[in-house]
């Protein structure tokens with residue numbers, strides 16, 4: 001999955017979701033890689049955190065190579081729920097990355113380990129609570145407004161994290177690759193001196209809009225084959 005994502009980006013996948021009427025499920029803003037430039041792509045391995053690392057260890061027992069641990073810590077900013085030992089154990093289990101709806105700690109150790117970890121950021125204190133565990137602890141994880149399960153694939157890069165249902169992944173990747181080709185050609189032409197306004201027939205768009213105020217630029221781009229807004 002990471003190979004299929006290699007030449008793409010989360011913005012391209014997001015645009016592909018919009019174009020293909022696939023639910024757009026992005027992690028909340030602020031979720032980023034501990035090590036800038038790291039990327040992830042793999043099946044979601046959900047785990048809800050209740051104050052103890054045991055839920056992660058149990059999740060690892062069901063991990064398949066290439067999975068991405070999706071940690072639901074409710075977006076809390078009063079504790080770090082993942083540290084170096086949890087990440088080392090993830091690596092030993094074949095997990096290729098972690099995305100945390102919350103905070104991490106042990107940053108220098110995580111950098112040394114090298115396994116991609118995405119979170120809101122670092123915070124020294126770990127949990128001092130142990131809450132009651134829900135029946136869905138290992139079947140689904142909340143991440144912002146989204147519910148993530150093993151039926152989802154996780155993608156992450158410098159722009160953030162997306163969750164795409166596995167049944168839509170091939171189509172989304174193919175559409176994203178098509179959008180990328182169009183955008184790269186548009187960028188090449190801008191550098192060669194042909195402005196984006198010329199490429200997209202912007203004056204023609206303004207004329208259409210003047211005659212029909214409901215005529216949107218997105219509709220125009222689809223008509224002319226542009227790829228700026230999805």
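The values are calculated or read from the model by the stated rules, or taken from the named source; none is laboratory data. All values derive from a computational prediction rather than experimental measurement. Quick reminder, even Gly has a Cβ in these numbers, built from the backbone with ideal geometry, and neighbours come from all protein chains shown.
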Discussion item. Of the conditions (1) part of a helix (DSSP H, G or I); (2) in contact (Cβ under 8 Å) with a residue 24 or more places away in the chain; (3) buried (at least 17 other Cβ atoms within 10 Å of the Cβ), residue 171 satisfies every one except a single condition; which number is it?
Written reply: (3)
Response to the item:
Going through the stretch 86-125 in order, the residues found to be under 17 Å from residue 157 (Cα atoms) and either outside the structural domain of residue 30 (by TED's automatic domain parsing) or in a strand (DSSP E or B) (or both) are 97, 98, 99, 100, 101, 117, 118, 119
Discussion item. With under 19 Å from residue 26 (Cβ atoms) and exposed (fewer than 14 other Cβ atoms within 10 Å of the Cβ) as the only criterion, which of 158, 192, 187 stands out?
Written reply: 158
Worksheet item: Of everything in the stretch 20-58 that's touching a helix residue (DSSP H, G or I) at 6+ places or on another chain (Cβ under 6 Å) and in a strand (DSSP E or B), which residue is surrounded by the most Cβ atoms within 10 Å (Cβ to Cβ)?
Response: 45
Worksheet, complete the sentence: With the first residue restricted to the stretch 147-164 and required to be in contact (Cβ under 8 Å) with a residue 24 or more places away in the chain and in the same structural domain as residue 16 (by TED's automatic domain parsing), and the second required to be buried (at least 24 other Cβ atoms within 10 Å of the Cβ) and not in a strand (DSSP E or B), Cβ contacts under 6 Å at 6 or more apart or on different chains are 155/13; 160/27; 161/27; 162/13; 164/172
